[in-house]
């Protein structure tokens, strides 16, 4: 009976201890989780607040730059320098121009103050001789600290920050150009009050915050309610929550400190957690003791049985393990090398090279030297593989790796990223000049031909260059910067090197955005065709139209055809654009034939002529589908298409002429003009580029050139179309040369389908 009661009591105590322990664990878990969530929410709120402040301040500086740019381009300032350049004296008119400039500067500051949204407290017009020309506050002496006229005149706009008499001064400097030459500087001093107002809009005395604008030239104090909250406890600063944010378009860091969440104000405070934890200690010790006694005998028996079995198993497996260890070591060594190196060249691969670059950056932080990253790409390597085979391509890649290894020191790295792309990492680079020497060394390594057995083989390289820390502070950013610079080299003609510039990121982002939106525009049918009338200069009547593609994107707005067509030629979308233009214009021209006989001219990209047979079939199918007579279609091609073209293009153009389709050579005179092209291909029209028409009545050289072009066209029995006619005098001059046709704003700009149809109906009505 006593043993039974003892056993029951022990189980009861054990059960109660387990429940109490579980309850205490639950309380501790919930309490800690609540505290963590509250602190995390508070920190996220502060981060969003600081991001908002930083965005406001960045927008403020951007607005200031735009305001100063408008002032610098104001007609009043341009008039002053025009008068001064013409030799006008202060007595005869120049003083009046200077007075207007002075008035403009004062109005800019006064107007902004009246709207309580002022940006500048003072604007000064400073000559390149460092003398003040005009000043919105002429009674004050201009502080010329941090103003280097020779350096600033070469830049469009720059922010100047200095600490004058213990107060941070923020100024913007803009160069004023006259006849495309720098002639003066506008120095605009930003008022600090709007900055403080924007950054304290959400602050109050009890907010527990401190805000300061930090720069290498000095700090601008904004707000402090922490000292007011803790006047006698300066050590509380160590508990503050620090958030720092870089200001866009300005050399400032927004330094903010906030009062952390105080656990003493919460029901789930740290003292509460501590007391619960202390109470849990004896409970867990008692529970452990009971379980330990209960399980001791069972565990002991189990351990003895397992120990015996383990000794038997160990003796059996020891021999097998000894054999496996040596195999694994060799296998692991091989796998480790394969995981970090390229199989073909033996160079580090992409992932391992990024680790090496990260190590180089850490070393640079200690040595205070720069790290140089080169992104190297073999020019036209795809043609090597296509024409000579991949085996030859592999040999060239191996020889390339050996040449690159000779250009670096032991501590530097040569890696193969992919295909024919390599990365070079140079440690301890002194400056940009040193980097330039290393880049030239890499280019020179490819001046000698590759040894391909019976004959030498030449190839060149393109190199994109990026420096740490100027062009990136981490491996991925540095490599991306070097890749953008490489992209620029290839656009500029290859076989060179270029250093990364920040504007490359914007250009790449723009191209990516335009390409993405262009794909969406094609899918959603957002492209339109506009039509510019072709005028018979003798009768002043419409005889045809040129079809021109236009794109107004919901996000990008109006996108220039030069921009999106050029991108389409590079990313493979030009075929879809060309098909759209051909079908749309041909179908519309077919409908207009019911109003009056009309010829439609359609431009074709040189990329489309790479598949001459396919393009010819497409033109034939479109004519059959739309019912447009072949003689009413005019195919326009540029001179550059005709360079080094073979028999296939000549055959296609002859086929078009055989169908009755007319051929026009577009923009004549701007490319590779040669009589041989006009004689070789059966053109019917020659279009004089607008560049020779715009100054036709003023430029005698253009007059002589246009006369020669028209005379040559007449000798070859070609009709002549003059593009870009905007003045009546230009038209009369061309009529005197017996130029048949013209286009330009004098007659009509490119218009929509509906507007062009109205022009046709109006002309028909006047003829009846």
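Note on residue 501/residue 765: beta-carbon distance plugged into 1/(1 + (r/R0)^6) with R0 of 60 Å gives a FRET efficiency of 0.55. The slack between residue 42 and residue 350, meaning 0.36 nm per residue of separation minus the straight C-alpha distance, is 106.9 nm. Taking the fewest neighbouring Cβ atoms within 10 Å as the starting point, the ordered list for 51, 666, 428, 483 is 51, 428, 483, 666.
Note down the relative contact order for the range 443-520 as a percent, whole number, built from C-alpha pairs under 8 angstrom at least six residues apart.
Details: 99 pairs, mean separation 20.5, N = 78.
Relative contact order here is 26 percent.
When peptides 578-588, 494-504 are ranked by their average number of other Cβ atoms within 10 Å per residue, the highest-first order is 578-588, 494-504. Panel order for 257, 690, by other beta carbons found within 10 Å of each beta carbon, from fewest to most: 690, 257. One chain, two ends: residue 148 and residue 402. Fully extended at 0.36 nm per residue, the span grows by 86.7 nm beyond their Cα-Cα distance.
Using a/c under 1.5 as the rounded threshold, could you call the range 512-760 rounded, prolate or oblate? The axes a ≥ b ≥ c are square roots of the C-alpha gyration tensor eigenvalues, and prolate needs a/b larger than b/c, oblate otherwise.
Working: a/c = 1.42, a/b = 1.25, b/c = 1.13.
In terms of gyration-tensor shape, rounded.
For the range 410-531, rounded, prolate or oblate, judged on the Cα gyration tensor with a ≥ b ≥ c (square roots of eigenvalues), a/c < 1.5 rounded, else prolate if a/b > b/c? It comes out oblate by the Cα gyration axes.
Using the number of other C-beta atoms within 10 angstrom as an exposure proxy, rank 36, 225 with the fewest first. Display every interim value, and only then the final one.
Numbers: 36 10, 225 18.
Taking fewest neighbouring Cβ atoms as first place, the list is 36, 225.
What shape does the range 542-655 have by the C-alpha gyration tensor, where a ≥ b ≥ c are the square roots of the eigenvalues, rounded means a/c under 1.5, and otherwise prolate means a/b greater than b/c and oblate the rest? Verdict is oblate for the range 542-655.
With a 10 Å radius around each residue's Cβ, average the other Cβ atoms per peptide and rank 589-596, 371-378, 628-635, highest first.
Details: 589-596: 15.6, 371-378: 25.6, 628-635: 19.6.
Descending packing order for the listed peptides: 371-378, 628-635, 589-596.
In terms of the mean number of neighbouring beta-carbon atoms within 10 Å, the peptides 218-224, 305-311 order highest first as 218-224, 305-311.
Using C-alpha pairs under 8 Å with a sequence gap of at least 6, the mean separation divided by the residue count of the range 350-501 gives a relative contact order of 29 percent.
Any read-out appearing in this document is the output of simple, stated calculations on the displayed coordinates, not a laboratory observation. The shown structure was predicted, so the numbers you read here are calculated from the model rather than taken from an experiment. Backbone-built Cβ (ideal geometry, glycine too); neighbour counts: all protein chains shown.
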